[in-house]
Amino acid sequence: MSDDLITVDLVDLDLAASNRRDAVRSLGERLAKQGRVTDLETFLADVEAREQQMATGLDGGIGIPHCRSAAVTAPSLAFGRSAEGVDFGAPDGPARLIFLIAAPEHGDTAHMTVLAALARRLVRRDFTDTLLTADDPAAVAQYIHEEVAS
Amino acid sequence: MKFVAITACPTGIAHTYLAAESLEQAARAAGDEITVETQGSAGSTPLSAEDIAAADAVILAADVGVQGRERFAGKAVVEATVKQAINDTGALLRRAREAAAAHERTGAPDPTAAGPDLSSKVTQGAGFGTQLRQWLMTGVSYVIPFVAAGGLLIALSFALGGYQVTDAPKATEHFDPASLMSWAALSLQIGKASFSFLVPVLAGFIGFAMADRPAIAPGFVGGAAAVAVGAGFLGGLVAGLLAGAVVAALRKINVPRAVAGIMPVVVLPLLGSAVVGVLMFIVVGAPIAAATNALTAWLGGLSGANAALLGALLGAMIAFDMGGPVNKVAYTFAVGGLTTGATTSLEIMAAVMAAGMVPPLALALAATVRRSLFTPAERENARAAWLLGASFITEGAIPFAAGDPLRVIPSIMFGSAVTGALSVLAGATLRAPHGGVFVLPLTGHPLPYLIVIVVGTVVTAGVVLLAKQIGQGSRQRAAAPDAATEAVPATTR
């Protein structure tokens, strides 16, 4: 298992899911396959619980389903891009960029800073534009890795 | 414009930072300055006192309770959800600008601000000695009004009703508007009600200075416990320091974000009060009760001793804790002797009263002749202390002693010991258990007695001033924390 926030296996540039739950499940499975999520169903329930509190869709076609969960072993990001868009409840329409952010229940602050850095990138135009036009999963993982590390 | 902002969301991993970034970007684009404290899972760098002081408005973008709201008391504050800060950043900044302008026009706090402005005299980054003194002085500054109000009312009751006022029926049992004695008794009751707050207020605001509002309740509770176990104002100092330390330690514990919002209003006061209360009743209370009994027994065995030495000993005890357990033992011993009517006993009573009058008088004198060695709050207290001392209300010296116990208490103990001995040597006698100058006509040898009190006051003031200069060179600024806080805004504002 890698210490990186994201690896190439956690990037899906052709996310097929048409609704929110399927999109999250699809990305969650990638996290589970890497051992970053120990119990997929618990994790998905935690994400859904967070989603019920307040929709995580952001203006500009972005969805950021996320949670803190006991089923998460390390701060992780799974990234999916959807051609048709998936509704995450943003006022301006469905999300094309979906960031599934997984945080361990009791992460120490040092670990969590990487998620803070990621969140800050999400409101930067150049960051999302790059992800919209990228065509290589490995390059995407590398790009996100470098952005949040800087 | 300059803004400070706090962002906080329930999970603390995404929207907190999205909102912070959005605010920073929008402010930069509009040519404004903003500093954001992100209260999220990645820890937060607290806003500096300078940033808060310089800010025209405060933006709180939060879906959970904001920690440390009290820092923004008196400033223009706008509140929003994190969503609004992310999706509608421009509108939020506009609201902040309007609030700042309205605040500027009226000069009044925004009604959404966190409430009345309590200030403490604590400057960040000072050494421990300086901080300790600032904690104590914060407590003292809140106690002084209670000392002044209560003390002057009690003095008034003696002036109106003489020393028998304490035997008059309580106003709740019998109140005759035409009777001067009724008014005197009422005044005494109100004054005593004010005095009952001395120790709790002292402890509460020492705690406040150390660990902010959540420590106020544990401090008050600890102070009340100190009163209940008869630990006096020294017990109050201990309770206040305990409350501050306990709450400060509890605040360091990382709690789930869902709980963080209720920490300052529920969890910290509850745990803090419980811990401080247990310590005060069990750890502090029992030894004090034992020591009080031992002291009483020991004094009883000294009855045949040299009267002047006994006067000196009792004088020192009276000045030690001003209303605390040691003071009470000495006072009770003296009052107990009145029933015998023996000359020695009446001499002892006179010695004890003189020794109790001297500390407030001497500190008032010291603060008048060498103003620079006292804080503005202490100089204010000096005005009331004159009358309190003259009325044998030794508590008038508590604000001075609580703010600088190690210098003041030994000094006034020495001065009161001298006064007690001189009083016995002068042969002064007294049949009333209290009353100060108002019972002067009832004393035997009133003129020598008055001279003894004046001499004692001057001697004590001299010793206090000497002690105040010990180790003060480098700490001159610490002796005047009020001046320091004007230059550097207190962090708790």
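Within region B:19-51, being at pLDDT 90 or above and β-branched (V, I, T) holds for B:I34, B:T35, B:V36, B:T38. Of all the listed residues (B:G435, B:G427), the sole one being modelled with pLDDT under 95, at positive phi and crowded, with 19+ Cβ neighbours inside 10 Å is B:G435. Taking region B:36-56 as the search range and keeping residues that are within 20 Å of A:F127 (Cβ to Cβ) and out of contact with any Gly (no Cβ under 7 Å at 6 or more places or on another chain), which one is nearest to the other protein chains (Cβ to nearest Cβ)? Checked region B:36-56; the qualifying residue nearest to the other protein chains (Cβ to nearest Cβ) is B:A42.
Inspect region A:101-119 for any residue being modelled with pLDDT of 90 or more, buried (at least 16 other Cβ atoms within 10 Å of the Cβ) and not aliphatic (A, V, I, L, M) and give the result as yes or no. For region A:101-119, residues modelled with pLDDT of 90 or more, buried (at least 16 other Cβ atoms within 10 Å of the Cβ) and not aliphatic (A, V, I, L, M): absent.
Of B:A258, B:A248, B:A243, all but one fail to be small (G, A, S) and under 18 Å from the mean Cα position of the chain (by Cα); the exception is B:A243. Scan region A:38-56 and tell me whether some residue there is under 15 Å from the mean Cα position of the chain (by Cα) and under 21 Å from A:E147 (Cβ atoms). Yes, the conditions are met somewhere in region A:38-56.
Being buried (at least 16 other Cβ atoms within 10 Å of the Cβ) and either modelled with pLDDT of 85 or more or over 22 Å from B:A364 (Cα atoms) (or both) is not true of B:S474.
For region B:1-35, the set of residues classified as of a type in the set (D, E), more than 7 Å from chain A (Cβ to nearest Cβ) and not in a strand (DSSP E or B) consists of B:E24, B:D32, listed by residue number. The number of residues in region B:440-451 that are at pLDDT 90 or above and touching a helix residue (DSSP H, G or I) at 6+ places or on another chain (Cβ under 8 Å) comes to 3.
Restricting the search to region B:112-167, which residues are within 15 Å of the chain's Cα centre (by Cα), at pLDDT below 80 and among the aliphatic types (A, V, I, L, M)? The answer is B:L118, B:V122. Would you say A:V72 is within 26 Å of A:K33 (Cβ to Cβ), more than 9 Å from every other protein chain (Cβ to nearest Cβ) and in contact with a helix residue (DSSP H, G or I) (Cβ under 8 Å, 6 or more places away or on another chain)? So A:V72 passes the test. Restricting B:A316, B:A294, B:A354, B:A362 to those that are among the hydrophobic types (A, V, I, L, M, F, W, C) and without any contact (Cβ under 8 Å) to a residue 40 or more places away in the chain reduces the list to B:A294. Among the helices (runs of 4 or more DSSP H) confined to region A:88-150, the ones with at least 3 residues that are within 8 Å of chain B (Cβ to nearest Cβ) are located at A:109-121.
Out of B:E50, B:E37, B:E24, one residue alone is over 27 Å from A:H111 (Cα atoms) and either among the acidic types (D, E) or touching a Ser or Thr at 6+ places or on another chain (Cβ under 9 Å) (or both). It is B:E50. Checked against the criteria, B:E24 counts as surrounded by 17 or more Cβ atoms within 10 Å (Cβ to Cβ), of a type outside the set (A, V, I, L, M) and either on the phi > 0 side of the Ramachandran plot or more than 41 Å from the chain's Cα centre (by Cα) (or both).
Can you confirm whether region A:85-92 contains a residue that is under 23 Å from A:D136 (Cβ atoms) and modelled with pLDDT of 90 or more? Yes.
When region A:25-55 is filtered for residues that are within 14 Å of chain B (Cβ to nearest Cβ), under 22 Å from A:H111 (Cβ atoms) and at pLDDT 90 or above, the ones remaining, listed by number, are A:F43, A:D46, A:V47. Of everything in region B:274-308 that is polar (S, T, N, Q) and either assigned to a helix (DSSP H, G or I) or in contact with a Phe, Trp or Tyr (Cβ under 6 Å, 6 or more places away or on another chain) (or both), the residue that is nearest to B:G68 (Cα to Cα) is B:T292.
The values are calculated or read from the model by the stated rules, or taken from the named source; none is laboratory data. Values in this document were obtained by computation on a predicted structure and should not be read as measured data. When we count neighbours, we look across all protein chains shown, and the Cβ atoms used for this are built from the backbone with ideal geometry, even at glycine.
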